Amino acid sequence: MRKIKQYSFILVILLTCFGVDTAVSAATEKKRKEKEYIDFKSIKKVLKNDMLDVELEKKLKKKREIGLKIKKKRMRKYDIPQKTEYWSFFTEYWLVKNAPILKWDFEKPDYGLSDSFSCFLEKLGYYEKRFKILLVNTPNLYHFGLPSNKGEYIFILSVPFIRTLDLSKLEISMLLFEDLLRVNNGYFKNFAETGELKEILGTNFYKKKIDKKIFTRVSDKYDKMIFDTGFNYQQQFEITKRIGRLLKSDLKLWNTYLGMLKKIDTLVKSNVLYSGYVKIYPSPEMQLNWLLPELKDGKF
């Protein structure tokens, strides 16, 4: 009986212990499940945050791209033209700047000079040339081929000058052709272009200081070339001889060119208003002598 009581006591203890272990295991399992549930929610939260981060990054990237485009657009405003684009740009600037002196803003008839000059050029084998002829209402400038981009020509032509000479369209075309050859030979560009100008062409001065005097000095060279210096005897000789070789094969063109030079020679010798012509284009009389060494007493 005593032994039975002992066994019963031991059984109770074992059952009690087993029950405690079971309770502990159940609690642990519950905590594990709760932990798994919480972890899943955390994962969902992380995933959601990741998606927001990705979307945010996309928006930031797009914003950066837009900002970069705006900056590049703003920076382009500070581009200095390349050498291939600079000369026509600056020549047009100079023409606008000197409008009061040149007097190009006046009502003028259509002389049909563009068509006649195109035909003249094509006759000599100069095809598809792009050019502009700016008529000016001043006797202080006669005619000039200004620096321009490759394949382009900008001419100034004085209406009082051609009217005083009573030049035909063909004679005017020859006058402009002289200027075209001077442009091709680069006389004006070589005179006007400075070392400091070469250095800055094609650069960008965004958030930088640029010496505006560089362009002022180029503009001054334009003034000097057109109104004071002009071309030297060697340059005039080269152009005259070149035209002589081109025109000698056509008797009509040859005689017309000689006649035009004779008109100019007579004008500069008899009209004080145009006496300065020889300062820009050395001696038309010398041109005649270069073309006709046997010329005597101005007859040909």
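Each reported figure results from applying straightforward, stated rules to the coordinates on display, with no laboratory input. Note that this is a predicted model, so its numbers are computed, not measured. Here the Cβ is made from the backbone with ideal geometry for all residues, glycine too, and neighbour counts use every protein chain on show.
Data overview
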{"quantity": "Restricting the stretch 60-94 to chymotrypsin sites (Phe, Trp or Tyr not before Pro) in coil, as DSSP defines it, with at most 16 other Cβ within 10 Å", "calculated": "Tyr78"}
{"quantity": "Top positive-direction residue, dipole computed over the stretch 83-230 with Cβ charges, set Tyr187, Leu201, Phe155", "calculated": "Leu201"}
{"quantity": "Over 30 Å between alpha carbons, listed pairs Lys123/Lys241; Lys103/Lys224; Lys132/Lys213; Lys83/Lys262", "calculated": "Lys83/Lys262"}
{"quantity": "The stretch 96-187: GluC sites (Glu not before Pro) in DSSP coil with no more than 11 other Cβ atoms inside 10 Å", "calculated": "Glu107, Glu128"}
{"quantity": "For the stretch 79-128, with +1 on Lys and Arg beta carbons and -1 on Asp and Glu, the positive-most of Ser114, Phe89, Ala99 along the dipole", "calculated": "Ala99"}
{"quantity": "Space enclosed by the convex hull of the alpha-carbon atoms of the stretch 115-271, per residue, Å³", "calculated": "136"}
{"quantity": "Net charge dipole size for the stretch 179-300 [Lys, Arg +1 and Asp, Glu -1 on Cβ; Debye, nearest 20]", "calculated": "300"}
{"quantity": "Beta bridges per DSSP with both ends in the stretch 83-230, % antiparallel, nearest 5", "calculated": "35"}
{"quantity": "Candidates per trypsin sites (Lys or Arg not before Pro) in the stretch 181-280, loop by DSSP, up to 11 other Cβ within 10 Å", "calculated": "Lys207, Lys208, Lys209, Lys212"}
